[in-house]
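The values are calculated or read from the model by the stated rules, or taken from the named source; none is laboratory data. Model, not experiment: these values are computed from the prediction. No Cβ is skipped: glycine too gets one built from the backbone with ideal geometry, and neighbour counts run over all protein chains shown.
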Amino acid sequence: MLQQLLLFLLLSLPPTLSLNQDGLFLLQAKLQLSDPQNALSDWNHRDATPCNWTAVTCDAATGGVATLDFSNLQLSGPVPATTLCRLPSLASLNFSYNNLNATLPAAAFSACAALLHLDLSQNLLSGAIPATLPDSLVTLDLSCNNFSGDIPASFGQLRQLQSLSLVSNLLAGTLPSSLGNISTLKILRLAYNTFDAGPIPKEFGNLKNLEELWLAGCSLVGPIPPSLGRLSNLLNLDLSQNNLVGDIPEQLVSGLRNIVQIELYENSLSGALPRAAFTNLANLERFDASTNELTGTIPEELCGLKKLGSLNLYENKLEGSLPETIVKSLNLYELKLFNNSLTGSLPSGLGKNSKLQSLDVSYNRFSGEIPARLCDGGALEELILIYNSFSGRIPESLEECKSLRRVRLGNNNFSGVVPEGLWGLPHLYLLELVYNSLSGSISNSISGAWNLSMLLISGNKFSGSIPEGVGELGNLEKFVANNNSLTGRIPKSVFRLSQLDRLVLGDNQLFGEIPVGVGGCKKLNELDLANNRLGGSIPKELGDLPVLNYLDLSGNQFSGEIPIELQKLKPDLLNLSNNQLSGVIPPLYANENYRKSFLGNPGLCKALSGLCPSLGGESEGKSRKYAWIFRFIFVLAGIVLIVGVAWFYFKFRDFKKMKKGFHFSKWRSFHKLGFSEFEIIKLLSEDNVIGSGASGKVYKVALSNGELVAVKKLWRATKMGNESVDSEKDGFEVEVETLGKIRHKNIVRLWCCCNSKDSKLLVYEYMPNGSLADLLHNSKKSLLDWPTRYKIAIDAAEGLSYLHHDCVPSIVHRDVKSSNILLDDEFGAKVADFGVAKIFKGANQGAESMSVIAGSYGYIAPGTTLNLNYQTNF
């Protein structure tokens, strides 16, 4: 009624003050929209024409409104289609990147007779896609909304349509074959929808003008139809993340003469790559068939394409060697072949004729030396050769490769001295040389590697002292150099590294004291100096390190008392064994849980009863003399007790069911506990429930020692239809296996677990601020200012980085989302819920298959950016 009244008043204005008809229609449309930023504030009745208004462009010849561009104006409400379609000259309508949140009537735009371009992408529109659209449409973009239902078959009648984009909606059904009737179509994007499983319609081969076909994540099954080989104008083909099977059709590859990019990764393609057919793809620039089941060898014809820039064949079952013809690819900048069974040596001319940027052939069986000309183009940034059988020296040419950022040469057979310039490359942030036979010393030129974040050189034959220059690496987070022959003192400068997270120097020949100033490493999470010749006293400053979680000083010559300040720590591992310590053990550690932490220190024998073996004596002799008497008495008493309770046991054998299946013998701990596991059972009342889901409940438990823990109680698996639902069992075992081994400040800590007949318990550290998802979507979201969001993203990324790069073997979480990011009382983030995680083993150990889709609904594949905007669905 209000809108009608305002429109009546506008139409009643005197002619000298009134708008033309197009302006009145626009003001009526504005009344249907919410404009919180007043982006349309200059729309008014005082102007004679709307041609100078925001978002409005008029036709120069007729003066009528021809284009409306409302993109990025934060508008909300329904699309005022009926009103806008009354503009007779309207040819282009763009509402992208707004908050429109209604449904569209079936004939919403049918009256827009002149409309050529319609863009409603990046909104919150829902419901079915209108079945009736103007025949005049040339481009239609409805991407990134919540449209559901089938793609209307009537789209096949839009005879002038050149671009159709429906990416990232909730569309169902199968791909309609009627789309193959749109002969004018150049761009077809249907990726990332919830379609029913179905094949690629063979009718798509009729789209002779098609230049881009994007069908990633469309639940496609069956083989790739050979009819797609008729798309002679196709430049970009992306069929990734589906369940396609079979070989790549010869007709497809031989017919796509103008193709620039082919993406087939994450399917179930099998068989060998076609060979002769690649000779027809003279314009191919990017070929991605990774994460499939391809076998055989890499075709020479594919590697010899002169315009080939990117070749991704990783995570397949390819064998043989890398063809020498790869040196003919003059535009090659990316070559990723990791996780195959490739053998032989890399072509010696690799990198000679192109500006190679990224080379990753890890987890194969390559041998021989590193090609000396990899960086001839001066653009090499990533050199990843881990887990192969490469040998020989690291080429000296790499010390001149200033562009290098990541160098990973670990787990090979390299020998000799590392080129001096390689230590100090200015842009290098990861240098990994672990488990080779490299020798020589760490060059002091390392001080020039100002960007270095990770220095990993363990398991080699490095000797000499640690240079002072290491202390100038302000960005260094991980310095791992255990199992070498390093000597000398630990430089004082090392403990000035404010970003240092891991310092692992165990199993070397270091001597002297731990330098003063160790308390400056406030982010230090792991300190391992075991099995050296270090002496002096243990610095009390170690107790001031707020996140120190792993402290191993065993196998040295430390003396004096254990600093009482160490009680400030809550370490997952504390090992001070096999030193020369004396005095009193700090009260927090003077218990059975920490007995192994102090073994081999004669001066601590009296600090904890039974810590050291008895030295013998008269009383000991008497004890041994009569030991057999006590044993006999205990055995006899045991037999009597067993006979006495046997009847009681069988009479009341169902008694344990009253305890809800919690068998104490099945408790398993992963850390030093300051509480009793049995206390937890008493506190699992409904009053303590803080969350509930299909798999069970989560309890907040306050223990008698004042500590809070979170207890996840999983139900026993049930039946659904004809299928046994056993994912809970698998998720429990995976989570226990994964979290039981992890020690990191950004991974949620699993204290202990209980696996019984009827249910299972997982006991975690309690996170006061809950999950990121809860905080983003409730009234407390105002607490998440941008510095806090940035901190959460960094913490989560560090946790995932630890899983991917520092765990041995690596772990892939596979269900990263906001509800699995937990927050402590200072909004520190920790990654949680490892129920679908996979332990990723090396090629020599057998890599577990991860070809199936994992995670929960809305799962985002690893590698996507963690978005902390409250409007984002994780």
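Points to keep in mind about this one:
- Residues in the stretch 311-332 that are surrounded by fewer than 19 Cβ atoms within 10 Å (Cβ to Cβ) and not β-branched (V, I, T): K317, E319, G320, S321, P323, E324, K328, L330, N331.
- N72 vs. criteria on the phi > 0 side of the Ramachandran plot and part of a loop (DSSP other than H, G, I, E, B): yes
- Of the residues in the stretch 405-414, at least one is on the phi > 0 side of the Ramachandran plot, part of a loop (DSSP other than H, G, I, E, B) and either among the polar types (S, T, N, Q) or at pLDDT below 95 (or both).
- When the residues of the stretch 191-221 are filtered to those that are assigned to a loop (DSSP other than H, G, I, E, B) and small (G, A, S), the one that is farthest from L166 (Cα to Cα) is A197.
- Test for V763: is it farther than 12 Å from V831 by Cα, modelled with pLDDT of 85 or more, in contact with a strand residue (DSSP E or B) (Cβ under 6 Å, 6 or more places away or on another chain) and buried (at least 20 other Cβ atoms within 10 Å of the Cβ): yes
- For the stretch 545-591, a residue qualifies if it is among the polar types (S, T, N, Q), exposed (fewer than 15 other Cβ atoms within 10 Å of the Cβ) and in a loop (DSSP other than H, G, I, E, B), and exactly one does: N591.
- Selected residue [assigned to a loop (DSSP other than H, G, I, E, B) and under 21 Å from F147 (Cβ atoms)] from S89, S96: S96
- Among the residues listed as G506, G474, the single one being in a loop (DSSP other than H, G, I, E, B), in contact (Cβ under 8 Å) with a residue 24 or more places away in the chain and touching a strand residue (DSSP E or B) at 6+ places or on another chain (Cβ under 6 Å): G506
- Which numbered condition N292 fails, given (1) closer than 21 Å to N193 by Cβ; (2) free of Cβ contacts under 8 Å to residues at least 40 places away in the same chain: (1)
- Selection within the stretch 51-63 - in a loop (DSSP other than H, G, I, E, B), buried (at least 16 other Cβ atoms within 10 Å of the Cβ) and out of contact with any Asp or Glu (no Cβ under 6 Å at 6 or more places or on another chain): C51
- Among the numbered conditions (1) assigned to a loop (DSSP other than H, G, I, E, B); (2) surrounded by 21 or more Cβ atoms within 10 Å (Cβ to Cβ), the only one that P515 does not meet is (2).
- Qualifying residue in the stretch 341-349 (condition: crowded, with 17+ Cβ neighbours inside 10 Å, within 31 Å of the chain's Cα centre (by Cα) and not aliphatic (A, V, I, L, M)): no
- Screening L188 on (1) at pLDDT 95 or above; (2) part of a loop (DSSP other than H, G, I, E, B); (3) under 17 Å from L213 (Cα atoms); (4) of a type outside the set (D, E) shows it passes everything except condition (2).
- Given (1) in contact with a Leu (Cβ under 9 Å, 6 or more places away or on another chain); (2) assigned to a helix (DSSP H, G or I); (3) surrounded by fewer than 20 Cβ atoms within 10 Å (Cβ to Cβ); (4) modelled with pLDDT of 90 or more, index of the condition L542 fails: (3)
- Single residue of G421, G448, G469 found to be touching a helix residue (DSSP H, G or I) at 6+ places or on another chain (Cβ under 7 Å), under 21 Å from P491 (Cβ atoms) and not hydroxyl-bearing (S, T, Y): G469
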